[in-house]
Amino acid sequence: MSMIREVKDESKKEILKRISAHSHIRGLGLDDKGEPIQVADGFVGQIEARRSAGIVVKMIKEGRLAGRAILFIGPPGSGKTALAIAIARELGEDTPFVMLNGAELYSTEVKKTEILMRSVRRAIGIRFREIRRVYEGVVKEIKFALAPHPFNPYTKIPRSARITLSTKDDEKTLDVDQSIAMQLMQFNIRRGDLISIDADSGEVFKLGRVKGIEKAKYYDVETYKVLEEMPKGKIFKEKEIIRTVTLHDLDEAYATQRKAVIASLIGIGGEEREIDPEIRRAVDEQVRKILSEGKVVLVPGVLFIDDVHMLDIEAFSFLTRVMESEFSPIIIMATNRGITRVRGTDIESPHGIPLDLLDRLLIIPVRPYTPDEMREIIMIRADEEGVRLSKDAIDLLVKIASERSLRYSIQLMHPAKVIAERKERDEVKAEDVEEAAKLFIDVTQSVEFAKKWEGKLIK
Ligand SMILES: Nc1ncnc2c1ncn2[C@@H]1O[C@H](COP(=O)(O)OP(=O)(O)OP(=O)(O)O)[C@@H](O)[C@H]1O
Ligand SMILES: [Mg+2]
């Protein structure tokens with residue numbers, strides 16, 4: 001298993017950055033029987049769809065949804081994306097979740113199928129236990145030997161370090177090399193930190209802080225977990241850790257490894273846009289082998305494709321093939337389109353999805369909101385964004401949400417706040433919302449605007 005190296009999956013963090021409009025959504029808001037609570041986890045109403053989503057989460061956790069796909073269908077602003085994000089939150093850290101917008105397939109220089117393939121492989125994890133040999137203990141003493149930086153003699157970098165680790169039962173002083181010393185400095189390791197140094201790879205992990213170490217400084221607020229007591233046991237020990245990496249991580253690790261070999265042979269390293277299918281085949285074979293030996297567990301994750309009507313026939317047939325293959329994530333799609341043309345063909349089809357794929361989908365309808373529900377959502381969102389709304393402003397936002405869309409109404413909140421602040425008011429009034437709605441138009445209006453000025457706009 002030497003092929004598996006420590007690679008962190010960043011995909012989830014990436015998603016959490018991209019979903020700021022849904023930051024108030026913390027989960028599906030279900031009780032312990034899986035029944036949606038009217039208002040919970042930032043979610044309001046949409047009871048049937050949340051119930052269905054809850055069942056989907058349960059099936060994913062039990063591994064009973066492999067090779068299947070889900071489709072959320074509903075009008076703009078009805079909460080389809082919010083539902084998918086809630087599913088991600090319910091699944092927990094360990095389950096890979098990848099989010100892709102249909103339009104993204106056309107926005108880069110990378111081939112469509114490569115983007116899809118990459119997303120698919122990011123959405124499949126393998127979990128394994130590893131026994132690592134580590135030095136683990138609380139820092140009692142730490143001292144760096146410094147040397148001038150090779151390119152900048154005015155700054156100094158550590159050349160090595162001497163560190164004393166202790167536990168209730170043991171104490172060891174270690175001399176560590178430059179790469180470990182650099183990490184110790186980078187993580188700002190100081191007296192009182194509980195750390196672990198991997199004996200084989202030399203990686204340093206900060207695990208927390210322990211109270212009551214002599215000469216250590218403590219802050220009222222610490223970013224790391226604070227332990228009241230010294231840990232027990234030996235400093236040098238074997239430790240079992242559980243890790244999940246994705247197939248894409250493995251592809252990349254393998255590709256980098258191979259690139260390094262090639263680079264050392266010919267003396268240069270080229271930039272690679274695509275991962276060679278050969279590499280993926282080799283990774284698959286290795287994964288199959290360690291799966292059958294019971295060394296790892298497959299963790300199928302979720303690939304969420306928003307605005308799925310943007311995919312074309314080639315992308316759809318690629319997805320169908322993926323669903324039939326042995327390593328397939330759970331695919332969740334969303335669209336607000338009714339009958340529309342399948343991109344890349346002249347064929348009209350429900351939601352712009354080819355019929356053979358439609359056949360395999362579990363379809364979850366997401367209905368439009370009642371004004372009361374919109375009011376509640378607007379208030380939760382205002383709270384999340386720290387916007388104070390007057391009663392009139394709320395009424396107007398609800399009206400805009402029903403006439404235009406909920407998404408547009410929510411988007412007006414922040415500009416309205418800026419307008420109110422200019423008038424040195426803390427509270428947003430209806431007039432501020434009105435002004436914001438004049439400055440920022442919604443899609444229907446922008447289309448009308450474009451039509452009116454067609455001759456003058458750039459074509
Ligand atoms: N039931 C709900 N409870 C709380 N917030 C919601 C709910 N439904 C939607 N929202 C919020 O309203 C906004 C619009 O919803 P969302 O973007 O999920 O709609 P959508 O169905 O994906 O729309 P579109 O078809 O335009 O993509 C988001 O900020 C979302 O978090
Ligand atoms: Mg959406």
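Counted as qualifying within the range 333-439 are the helices (runs of 4 or more DSSP H) with 1 or more residues that are of a type outside the set (Lys, Arg) and not assigned by TED's automatic domain parsing to the domain that holds residue 311, namely 371-385, 391-403, 406-422, 430-439.
Among the residues of the range 353-375, is any hydrophobic (A, V, I, L, M, F, W, C) and closer than 17 Å to residue 411 by Cα? Yes, the range 353-375 has at least one match. Can you find a residue in the range 421-433 that is in contact with a Leu (Cβ under 9 Å, 6 or more places away or on another chain) and under 28 Å from residue 74 (Cα atoms)? Yes - at least one qualifying residue is present in the range 421-433. When the range 333-376 is filtered for residues that are free of Cβ contacts under 8 Å to residues at least 24 places away in the same chain and among the small types (Gly, Ala, Ser), the ones remaining, listed by number, are 338, 349. Considering (1) closer than 13 Å to residue 124 by Cα; (2) in contact with a strand residue (DSSP E or B) (Cβ under 7 Å, 6 or more places away or on another chain); (3) at pLDDT 90 or above, the lone condition that residue 323 does not fulfil carries the number (3).
If you take the residues of the range 326-339 that are away from ligand 2 (no atom under 16 Å from the Cβ) and surrounded by fewer than 18 Cβ atoms within 10 Å (Cβ to Cβ), which of them is modelled with the lowest pLDDT? Applying the filter and picking the extreme gives 326.
Against the definition (free of Cβ contacts under 8 Å to residues at least 60 places away in the same chain and over 24 Å from residue 42 (Cα atoms)), how does residue 387 come out, yes or no? The answer is no for residue 387.
Only one of 312, 307 is surrounded by fewer than 23 Cβ atoms within 10 Å (Cβ to Cβ), at pLDDT 90 or above, farther than 19 Å from residue 246 by Cα and within 16 Å of ligand 1 (Cβ to nearest atom); which? Give the steps one after another, and end with the answer.
Numbers: 312 fails: within 16 Å of ligand 1 (Cβ to nearest atom).
Testing whether each residue is surrounded by fewer than 23 Cβ atoms within 10 Å (Cβ to Cβ), at pLDDT 90 or above, farther than 19 Å from residue 246 by Cα and within 16 Å of ligand 1 (Cβ to nearest atom) leaves just 307.
Among the residues of the range 273-326, those that are part of a loop (DSSP other than H, G, I, E, B), in the same structural domain as residue 69 (by TED's automatic domain parsing) and in contact with a helix residue (DSSP H, G or I) (Cβ under 6 Å, 6 or more places away or on another chain) comprise 307, 311.
Taking the criterion of being more than 16 Å from ligand 1 (Cβ to nearest atom), charged (D, E, K, R) and under 27 Å from residue 369 (Cα atoms), the only residue of the range 45-70 that qualifies is 58. Somewhere in the range 121-139, is a residue surrounded by fewer than 20 Cβ atoms within 10 Å (Cβ to Cβ) and within 16 Å of ligand 1 (Cβ to nearest atom)? Within the range 121-139, not a single residue is surrounded by fewer than 20 Cβ atoms within 10 Å (Cβ to Cβ) and within 16 Å of ligand 1 (Cβ to nearest atom). Could you give every pair whose Cβ atoms fall below 8 Å, whose first residue belongs to the range 53-79 and is more than 13 Å from residue 90 (Cα to Cα) and away from ligand 2 (no atom under 16 Å from the Cβ), and whose second residue is of a type in the set (D, E, K, R) and in a loop (DSSP other than H, G, I, E, B), counting only separations of at least 6 or pairs across chains? Close Cβ pairs satisfying both conditions: 68/360; 69/360.
Okay, residues lined up against (1) out of contact with any helix residue (DSSP H, G or I) (no Cβ under 6 Å at 6 or more places or on another chain); (2) within 16 Å of ligand 2 (Cβ to nearest atom):
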residue: 357; (1), (2): no, no
residue: 360; (1), (2): yes, no
residue: 367; (1), (2): yes, yes
residue: 407; (1), (2): yes, yes
residue: 421; (1), (2): yes, no
residue: 432; (1), (2): no, no
residue: 438; (1), (2): yes, no
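The values are calculated or read from the model by the stated rules, or taken from the named source; none is laboratory data. Here the structure is a predicted model, which means the values were calculated and not measured. Methodologically, a virtual Cβ is constructed for each residue, glycine included, from the backbone with ideal geometry; neighbour enumeration extends over all protein chains shown.
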